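Data first, discussion second: the structure below is written as structure tokens.
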Amino acid sequence: MAETKTAALSAKRIFPLPNHVAIIMDGNGRWAAKRGLPRLLGHRAGTDNVHQVVEGFDRYHVKYLTLYAFSTENWRRPGIEVSGLLRILAGMIDRETKALHKKNVRLSHLGRLDELPPELQGKVHKALELTKSNTGMTLSIAFDYGGRAEILDAVRRIIKDRVLSEDITESLFSSYLYTADVPEPDLIIRTGGEMRVSNFLIWQSAYSEFYSTPTLWPDFDEKEIEKALVAYSRRERRFGGLKAEGEAREG
């Protein structure tokens with residue numbers, strides 16, 4: 001209860017807040033290694049942390065939250081780790097979907113589904129169908145997602161639809177991306193201390209603010225959320241322009 005009150009008070013004093021936060025959830029393997037545990041237990045701990053992170057950002061009224069869970073490149077990992085990650089995803093869907101639905105959260109999937117096991121594809125479709133009309137936070141899970149693959153898929157669909165070259169605008173191109181119904185991220189957070197985007201939302205992040213923390217994903221908690229949001233509130237987002245003359249004098 002005390003943490004909830006603290007978060008509510010923080011939400012009032014942090015301004016502006018992002019509308020869309022996207023997170024590269026890094027550090028599960030290192031978290032496990034530090035404790036002498038198998039990597040899969042690190043991934044499980046990271047998955048268990050998703051619930052409190054969603055609740056944390058929801059307290060700040062962040063409307064869109066996107067989590068980078070599994071990239072197109074992650075298929076190259078050892079088979080036992082990949083199969084374990086797929087089982088963890090299936091378990092998370094079974095465990096969390098109804099609770100998220102009760103909280104009015106709309107679930108969205110970013111990426112390709114055709115390479116996932118048929119049973120898992122069915123679970124994803126059911127979760128999306130159940131929550132599609134919810135009007136609260138939109139929680140997007142990027143699973144089997146890659147920014148370059150997304151762009152190539154968009155180009156293929158544009159060609160298939162026989163769109164004339166002179167009709168292709170940034171707005172039209174964006175409508176062919178996996179994120180067609182999601183605004184561009186205001187803030188991208190990377191846990192684990194790395195300083196790269198790792199093929200994540202590379203079209204959409206052209207003017208996103210980037211925040212890196214050394215905190216490993218399973219340890220990314222309410223305090224870390226507040227640190228990231230405070231850092232964002234202190235940024236000056238100019239989108240390639242300059243401050244107004246009056247703002248420049250005041251700053």
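The values are calculated or read from the model by the stated rules, or taken from the named source; none is laboratory data. Because the structure is predicted, anything quoted here is derived from the model rather than measured. When we count neighbours, we look across all protein chains shown, and the Cβ atoms used for this are built from the backbone with ideal geometry, even at glycine.
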> Of the conditions (1) surrounded by 15 or more Cβ atoms within 10 Å (Cβ to Cβ); (2) of a type outside the set (V, I, T); (3) under 29 Å from E224 (Cβ atoms); (4) at pLDDT 95 or above, A154 fails just one. Which one is it?
Replying inline: (3)
>> As an exercise: evaluate W31 against (1) under 17 Å from the mean Cα position of the chain (by Cα); (2) of a type outside the set (G, A, S); (3) closer than 18 Å to D221 by Cα and give the number of the one condition it does not meet.
In response: (1)
> Is it true that some residue in the stretch 64-75 is aliphatic (A, V, I, L, M) and assigned to a helix (DSSP H, G or I)?
Replying inline: no
> Could you list, in sequence order, the residues of the stretch 80-117 that are in a helix (DSSP H, G or I) and not hydrophobic (A, V, I, L, M, F, W, C)?
Replying inline: E81, S83, G84, R87, G91, D94, R95, E96, T97, K98, H101, K102
> On the given criteria, is M92 in contact (Cβ under 8 Å) with a residue 60 or more places away in the chain, touching a helix residue (DSSP H, G or I) at 6+ places or on another chain (Cβ under 6 Å) and within 28 Å of F57 (Cβ to Cβ)?
Replying inline: no
> Restricting the search to the stretch 96-141, which residues are touching a Ser or Thr at 6+ places or on another chain (Cβ under 6 Å) and of a type in the set (G, A, S)?
Replying inline: S108, A127, S140
>> Filter the stretch 105-132 down to the residues that are over 18 Å from the mean Cα position of the chain (by Cα) and among the polar types (S, T, N, Q) and list them by number.
In response: Q121
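For the stretch 172-203, which residues satisfy the criterion of being in contact with a Ser or Thr (Cβ under 8 Å, 6 or more places away or on another chain), touching a residue at least 40 places away in the same chain (Cβ under 8 Å) and within 22 Å of V155 (Cβ to Cβ)?
Matches in the stretch 172-203: T179, D181, V182, E184, P185, V197, S198, N199, F200, L201, W203.
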>> Against the condition among the aromatic types (F, W, Y) and buried (at least 18 other Cβ atoms within 10 Å of the Cβ), how does W31 come out, does it pass?
In response: yes
>> Every residue in the stretch 138-171 that is touching a residue at least 12 places away in the same chain (Cβ under 8 Å) and more than 30 Å from R77 (Cβ to Cβ), please.
In response: I158
> Is there a residue in the stretch 194-207 that is of a type in the set (D, E) and over 17 Å from M25 (Cβ atoms)?
Replying inline: no
>> It is to be established whether one or more residues within the stretch 214-222 are acidic (D, E) and part of a strand (DSSP E or B).
In response: no
>> Looking at the stretch 118-136 only, could you name the residues that are in a loop (DSSP other than H, G, I, E, B) and exposed (fewer than 13 other Cβ atoms within 10 Å of the Cβ)?
In response: K132, S133, T135
>> Every residue in the stretch 26-40 that is assigned to a loop (DSSP other than H, G, I, E, B), farther than 18 Å from M195 by Cα and among the small types (G, A, S), please.
In response: G36
> Which residues, taken from the stretch 157-189, are exposed (fewer than 10 other Cβ atoms within 10 Å of the Cβ), of a type in the set (V, I, T) and part of a loop (DSSP other than H, G, I, E, B)?
Replying inline: T169
